[in-house]
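Contents: one structure, followed by commentary.
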Amino acid sequence: MARKKAIKKIQKRQNGITLVALVVTIVILIILATVTINATFGENGLLKKAQEAKDMTTNAIKAEEESMNEMLEEYAHIIAEEPEIPVPDEPEGYVDSVLAVAPEISDGMVPVKWDSTKSKWVKTTVDDEKWYNYANKEWANVVLTPTSGENEGKDATGTVDVFNEDGTLNESSAYSMLVWIPRYAYQITSQYHTSGSTAGNIDIVFIDTNNQNKDKTKTYSEEYPSYTTGSGMSDFVVHPAFNYGTTKLAGIWVGKYETSHTECTTTESTGSTDTNVTTLTATIRANVTSWRNISISNIYTVCTELNKAGNPYGLNSNDMESVDPHLMKNTEWGAVAYLSQNTTYGKGTEVTINDNSSYIAADGSYISNASQSTTGNVWGIYDMSGGAYEYTAAYVNNGHSNLTDANYGKNVYEAEAKYKDVYQATSTSGSDSQSGNYNLLNPKEKYGDAVYETSNSYSGSTSWYSDYSSFPYSNYPFLGRGGFYISGSDPGLFSFDDNAGGSDGSNYSSRVVLPVM
């Protein structure tokens, strides 16, 4: 009996403990809930802290956006004042050890290289390391022929293959050949603005369209430096021939020979009887007579229409954003002459005269007469000394009627500024003088043209190598270059003379320049 009472007592005690524990647990839960609610919703609770954090983040984002907008507005203002100059794409193709960029070609241009084993020009590609080597005086050459379409590979007549089956140039075809003059900066270091039997020294650095050298370690200026007569220029300057309007050219393609046409042959007496027309098809080839007896106005038109619709060369039709052929300017003549005079990349001495009295390009054999080239070898440009005088798209603006006469120079006079060089005159009524016009020459305004820098007077044998000088004036407002075949006329790279621009000049020819942009 006593044992049962003890067990009941224990059971009663155990039941009592469980109730107390429950009460304690409930109290603890209430306390925890209160703490949690207070931590979450209280004065310093989590929700309030979260809201404050959100507000701070929003304010920070807003401040950052305002700062970014201010910066963008400032940047836009800078761009508006100083437009960004786009960096041109790097041209494709092989680039030799001295050039800053590769020659640029277009449709209708086929690279050719000289094969000494065959003694012939052969077709090649822009990636061929044998295409050119300016350090070795081997300038890049191309031949014009359609590179697609039904006349692919044909000459200017549209009937004859320009290349033989073995890839060699068919020299019996009416082909056209041009040579690349790369963009460069130059410095005349001796005999500046002097004359004599010798010539001064011209240093050359090839550059890209940003005016940087090959290693991009120096940028060359387009501002003409100081100079001293008899000695030279204080620094390099970018040659102006490569700034074509607002376009900075990587170089220019120049006719390898004086301009001819499809009816020109190996003798002066044969061919078209009326050459003062714009309907004949131009060619640029060796061993035929040059195109003469044509006004400067008409030959200007012929040159600028080399890429007209339906042209036989395969050049882009009227696409001035790509190809823009024209009559050689005087500054472009100077660009070739200066590169030739450089001893590293050109012949370095006076180019031998082409004394062929029938005005046959390269004097009938470009191989045996390689000394008549600007490089002294077959890779250069011919007929720049002797042959025929050459019209250039350049004149003194003296107001003479020959400038505006369609039978003389109207088309040159009315051309856009990028197609011509215009010189000051002492009068705009046609009563100007040679000496006065020459004395107006200012090398800081007109330079690189192989006139003022390489001569010291308006008339006589007053240019480098004693080449003949006769500056334009009066009814002879146009500027011719190179002299003609008679050696007594003192022809040469640095020879210049005046002409009326009419078609009666039987000893005047021309040269084509073709930029690719």
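Nothing in this text is a laboratory measurement; each read-out follows from the coordinates by a stated rule. These figures come from a predicted structure and were not determined experimentally. As a convention, Cβ positions derive from the backbone with ideal geometry for all residues, glycine included, and neighbour counts pool all protein chains shown.
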**Prompt:** How big is the C-alpha Rg of the range 222-307 next to the rule-of-thumb value 2.2 N^0.38 Å, as a ratio?
**Reply:** 1.56
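Highest first, please rank the peptides 301-307, 117-123 by the mean number of other Cβ atoms sitting within 10 Å of their residues.
301-307, 117-123
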**Request:** Amide H neighbours of HIS400 under 5 Å, at least 5 residues apart or on other chains, H built in the peptide plane: list them.
**Result:** GLY430
**Request:** Report the full-extension gain for the segment THR265 to GLU416: residue separation times 0.36 nm, less the Cα-Cα distance, to one decimal in nm.
**Result:** 51.0 nm
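Using per-residue counts of other Cβ atoms within 10 Å, averaged over each peptide, order 329-336, 397-404 from highest down.
Highest-to-lowest ranking by the protection proxy: 329-336, 397-404.
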**Vicinal HN-Hα couplings computed from phi for the range 462-475 (Karplus, 6.51 cos²θ - 1.76 cosθ + 1.60; Hz; Gly/Pro x)** = 10, 10, 3, 6, 6, 5, 6, 10, 7, 7, x, 5, 6, 7
**Request:** Which order do the peptides 489-500, 218-229 take when ranked by the mean count of other beta-carbon atoms within 10 Å per residue, highest first?
**Result:** 489-500, 218-229
**Complete:** Counting only residues 5 or more apart in sequence or on a different chain, those whose built amide H sits under 5 Å from that of ALA394 are ASP421, LEU479
**Message:** What number do you get for the range 280-374 when its Cα radius of gyration is normalised by 2.2 N^0.38 Å, N = residues?
**Reply:** 1.27
**Request:** Enumerate the calculated ³J(HN,Hα) couplings along the range 190-200 in order (Karplus 6.51 cos²θ - 1.76 cosθ + 1.60, θ = phi - 60°), each rounded to whole Hz, writing x wherever the residue is Gly or Pro.
**Result:** 7, 6, 5, 6, 9, 10, x, 6, 10, 10, x
**Prompt:** Given H placed on each backbone N at 1.01 Å, which residues far from SER176 in sequence or on other chains put an amide H within less than 5 Å of it?
**Reply:** LEU144, ILE284
